[in-house]
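What follows is a single structure, written as structure tokens, with notes after it.
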Amino acid sequence: MRLHPRTLMIFITPAVLIGLWWGYVTLFKVPPFILPPPQMVGSELVRLFAGGTIWPHLGHTLGIIVAGFLLGTMGGLLLGLVLARLPGLERMIAPYLLFIQTAPKIALAPLFILWFGLGITSKIILVVSLVFFPVMIGTVLGLRSVSPAMLELSRILHLSQRQRFLRIELPAAVPEIFSGLKVGAVQATIGAILAEWLSGGTGLGYLMVFAGTTYKAPLLFAMVIVTALLGIAVYQALAQCEKWLLSWR
Amino acid sequence: MVSSVLVRVNDVTKSFTTRGGESVLALSETTLEVREGEFLSLIGPSGCGKSTLLRMLAGLIEPTSGQITWAGGTPDKGGDIGFVFQEPVLLPWLNILDNVRFPLDSFGVDRRMGDEQAEQMLALVGLKDFGRALPKELSGGMRQRAAIARALVYKPRIVLMDEPFGALDLLTRDRMNDELLSIKAEVGATIVFVTHSVEEAAYLSDRVAVMSARPGRVRTIHEIDLPKTRSEAIKDLPAFHGWLSQLRKELK
């Protein structure tokens, strides 16, 4: 079998990086509690997955991401649709939305805990607040991006409002909505892990805090890898969806 | 041959209000008839109101005063008017066949019948093998042919074309002109065609309405007395060149 150079790179690059990592740790005798060697992190990963420790935590985090992402997306789509329909309302509330949008919502996390408790609700709400804005803005921009000629076409053909929306405006808005969704998905992952950092006893975020406060450097490194892979997986899942939906582009 | 009048534009004016609140007269009192089955061109410099007039015929804008009377009642259904824009305005997420079938879908025509009619129309505009292609995969000329197919597929009472070939290169444009004539001969549609090309107007039209600007109005209407069946050959006739210089003179 001949491998494409790019496929080859997928294996070569990490191998080189791990090699450098191993070389550095061995050569300079870095203590494992500062930077554990790759094989230690590797066996920690194996222990986490094969031993089954990771699953409830991963499930918890994924649950928060999915629930928060779905709720935030629904809210963002809905308000986006309303605002795109009512430019007057949009002009009225746009400055406030911009204010909330630019405020670092991570800073709201303690507030959500105060309001919604230490349980899963406050975590989901943090994720919702992170997903909501990019999706809403994507929806408004997308619906606005419909060309005037297409709207004229829908008038020539006497399309009903419903037909115009479903057959012209919504499909035309999909690319912009998806850029909102992708931003939202990345934010959701960060938000879920951060929320677990702050409170609770389950989740990838919790495991990281646990690893950090108990000086389990191999576990911490393993968790960095797991969360990074999770982020990539979430983003890729959406990117694949987009590729499939937007194959016409 | 005396054909019946399809639309009568009677003392129609159109003024727009600018951002500054001033009223600008885009079209001063205009009277014009469109005859059943004819090819009528509106030609004139920019600002003469030719697109405005076309858009009023399409029902996209309302006249400020005057009436537009249709034989058989004002168009009020989706299938009454075919419109071809300067750009193809295809829906990029649909393939060419779905784009051409789009109007039929929205009028609730059965999918299989719609496919059949759309395929026929595609064959007529020379895109038989491109039904499955996406708009982005076709050239500008081919996209515009698909747009024409979409405007004709539901057999509208009138086809309005707003400089449909204005964005194409000259060679493609000449070819599209010939194809448009053969399509028209095939389906027998009434066409109102906006252009600023004197050649295009003289070559395609049964009648040409010459318009002038500031204020926009119809100056003269000519019956183009060239042979009914047009082909490249008539471009060599002295009569054709006579029309070209006549129209050019009036446009000055």
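The values are calculated or read from the model by the stated rules, or taken from the named source; none is laboratory data. Treat the numbers as computed from the prediction; the structure is a model and nothing was measured. Positions of Cβ are generated from backbone atoms using ideal geometry, with glycine treated the same way; all protein chains shown enter the neighbour counts.
Scanning segment B:67-84 for residues that are small (G, A, S), more than 7 Å from chain A (Cβ to nearest Cβ) and either under 30 Å from B:L138 (Cβ atoms) or assigned to a strand (DSSP E or B) (or both) returns B:G79, B:G82. Checking each residue in segment B:130-167 for being hydrophobic (A, V, I, L, M, F, W, C) and either surrounded by fewer than 18 Cβ atoms within 10 Å (Cβ to Cβ) or farther than 24 Å from B:W93 by Cα (or both) picks out B:A133, B:I158, B:V159, B:L160, B:A167. When B:I234 is tested against (1) without any contact (Cβ under 8 Å) to a residue 60 or more places away in the chain; (2) within 26 Å of B:V12 (Cα to Cα), only condition (2) is not met.
The set of residues in segment B:56-65 being under 16 Å from B:S28 (Cβ atoms) and surrounded by 21 or more Cβ atoms within 10 Å (Cβ to Cβ) consists of B:M56 alone. Suppose the filter is out of contact with any Lys or Arg (no Cβ under 9 Å at 6 or more places or on another chain), within 14 Å of chain B (Cβ to nearest Cβ), farther than 16 Å from A:L246 by Cβ and β-branched (V, I, T); does A:I190 pass it? The answer is no for A:I190. The set of residues from segment B:66-77 being free of Cβ contacts under 8 Å to residues at least 60 places away in the same chain and exposed (fewer than 11 other Cβ atoms within 10 Å of the Cβ) comprises B:G73, B:D76.
Taking the condition of a type outside the set (G, A, S), surrounded by 12 or more Cβ atoms within 10 Å (Cβ to Cβ), touching a residue at least 60 places away in the same chain (Cβ under 8 Å) and part of a helix (DSSP H, G or I), does A:T121 pass? Judged against the criteria, A:T121 is not a match. Taken across segment A:192-211, residues that are farther than 20 Å from A:V127 by Cα and surrounded by 15 or more Cβ atoms within 10 Å (Cβ to Cβ) do occur, with at least one present.
Identify, please: which residue in segment B:85-103 is more than 10 Å from chain A (Cβ to nearest Cβ) and buried (at least 21 other Cβ atoms within 10 Å of the Cβ) and is, among those, nearest to the chain's Cα centre (by Cα)? Among those residues, the one meeting the criterion is B:V100. Exactly one residue out of B:R145, B:R132, B:R150 is basic (K, R), within 15 Å of the chain's Cα centre (by Cα) and within 14 Å of chain A (Cβ to nearest Cβ): that is B:R150.
Screening segment B:8-42 for residues that are of a type in the set (V, I, T) and modelled with pLDDT under 95 and picking the one that is nearest to the chain's Cα centre (by Cα) gives B:V9. Checked against the criterion of being modelled with pLDDT of 90 or more, of a type in the set (G, A, S), surrounded by fewer than 19 Cβ atoms within 10 Å (Cβ to Cβ) and in a helix (DSSP H, G or I), the candidates A:A173, A:A149, A:A107 yield just one match: A:A149. For segment B:104-129, the set of residues classified as away from chain A (no Cβ under 11 Å), surrounded by 14 or more Cβ atoms within 10 Å (Cβ to Cβ) and outside any helix (DSSP H, G or I) consists of B:V109, B:V125, B:G126, B:L127, listed by residue number.
Mind listing whichever residues of segment B:34-88 are among the basic types (K, R) and in contact with a Leu (Cβ under 9 Å, 6 or more places away or on another chain)? If the condition is that a residue be among the basic types (K, R) and in contact with a Leu (Cβ under 9 Å, 6 or more places away or on another chain), then B:R35, B:K50, B:R55 are the ones that fit. Does B:L54 fit the bill of being under 30 Å from B:E199 (Cβ atoms) and touching a residue at least 40 places away in the same chain (Cβ under 8 Å)? It is true that B:L54 is under 30 Å from B:E199 (Cβ atoms) and touching a residue at least 40 places away in the same chain (Cβ under 8 Å).
Within the option set A:V30, A:V66, A:V46, being surrounded by fewer than 18 Cβ atoms within 10 Å (Cβ to Cβ), modelled with pLDDT of 85 or more, more than 19 Å from the chain's Cα centre (by Cα) and assigned to a helix (DSSP H, G or I) holds for one residue only, A:V46. Scanning segment A:212-249 for residues that are within 14 Å of chain B (Cβ to nearest Cβ) and either surrounded by 15 or more Cβ atoms within 10 Å (Cβ to Cβ) or in contact (Cβ under 8 Å) with a residue 12 or more places away in the chain (or both) yields A:E242, A:L245, A:L246, A:W248, A:R249.
Within segment A:134-161, which residues are in contact (Cβ under 8 Å) with a residue 60 or more places away in the chain and within 10 Å of another protein chain (Cβ to nearest Cβ)? Correct list: empty.
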